[in-house]
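Visitor: Mind looking over this structure? Questions follow.
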Amino acid sequence: MDHVARIQAEWQVERPDVDTGPQGVIGRLHRIANHLTGELNLVYAKFGLTEGEFDVLAALRRAGTPYERAPGEIALHTMVTTGAVTKRVDRLERAGLVERRRSDADGRGRVVRLTPAGRRLFDRAFTAHMANERRLLEALTPDEAAQLQHLLTTWLAVLEPPAG
């Protein structure tokens, strides 16, 4: 009996009138997410990065050459506020992984660009990150992983409808 099942059993005694079935899914997803976050953070730390810094570098790397985005774009691509982006960019800039410059399109605006050192570090970190994710999925067969991906995609589309 896992942790969630024990909690459900206790609730069955204390509140048999309440269906705790959803807790079997939500509780396990929550616990899995916590475990996954810890495992992912271990890899980021090997490269001197936090999860948020990794996300900023990933957003810049995915932008393609010249690997730059405006801070507002980074916020959209990382799902955090521009204030959080600023703090992350400050740290990455101090580390020499990104640089800020004036926008060519709008002299008042700023863009953040991945430096060559930032690209090299990120590419190594991303390769390790994907190997780690593969390792974390080894508990599932390829068919189970595909089925889980489909189910989660369906559910996420309801909770977070795709942008128009």
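Visitor: Rounded if a/c is under 1.5, else prolate if a/b is larger than b/c, else oblate: which is region 10-103, with a ≥ b ≥ c the root eigenvalues of its Cα gyration tensor?
Guide: Prolate.
Visitor: Ok, one more. Rounded to the nearest percent, how much of the accessible area of the chain (1.4 Å probe, protein heavy atoms only) is carbon and sulfur?
Guide: Whole-percent figure for carbon plus sulfur exposure: 59.
Visitor: Separate question: log10 I(q)/I(0), Debye, Cα-only the chain, no solvent, q = 0.18, 0.19 Å⁻¹?
Guide: Evaluating at q = 0.18, 0.19 Å⁻¹ gives log10 I(q)/I(0) of -1.17, -1.23.
Visitor: What is the distance, in nm, between label points placed 7 Å from the Cα along the Cα-to-Cβ direction at Arg62 and at Asn34?
Guide: 2.8 nm
Visitor: Counting Lys and Arg as +1 and Asp and Glu as -1, what is the net charge of the other residues whose Cβ lies under 11 Å from the Cβ of Ala125?
Guide: +3
Visitor: In addition: With every protein chain kept in place and ligands, DNA and RNA left out, what is the accessible area per residue of the chain? Probe 1.4 Å, answer in Å².
Guide: On a per-residue basis, 67 Å².
Visitor: Let me check against my output: what whole-number percent is the relative contact order of the chain, with C-alpha pairs under 8 Å and at least 6 apart?
Guide: Dividing the mean separation by the residue count of the chain yields 18 percent.
Visitor: What distance in nm lies between label points placed 7 Å from Cα along the C-beta direction at Ala157 and Asp90?
Guide: 4.1 nm
Visitor: Using a Förster distance of 45 Å, how high is the FRET efficiency between Glu99 and Val25, based on the Cβ-Cβ distance and rounded to 0.05?
Guide: Between Glu99 and Val25 the formula returns 0.50.
Visitor: Next up: Once you've got the GNM for the chain with C-alpha springs shorter than 10 Å, pick whichever of Asp55, Asp17, Asp90 has the biggest mean-square fluctuation.
Guide: Top of the fluctuation ranking is Asp17.
The values are calculated or read from the model by the stated rules, or taken from the named source; none is laboratory data. As the structure is a computational prediction, the values presented were derived from the model and not from experiment. Glycine gets a Cβ as well: all are built from the backbone with ideal geometry, and neighbour counts include every protein chain shown. These accessible areas exclude ligands, DNA and RNA; they are computed on the full protein's heavy atoms, side chains included. Shrake-Rupley method; radii C 1.70, N 1.55, O 1.52, S 1.80 Å.
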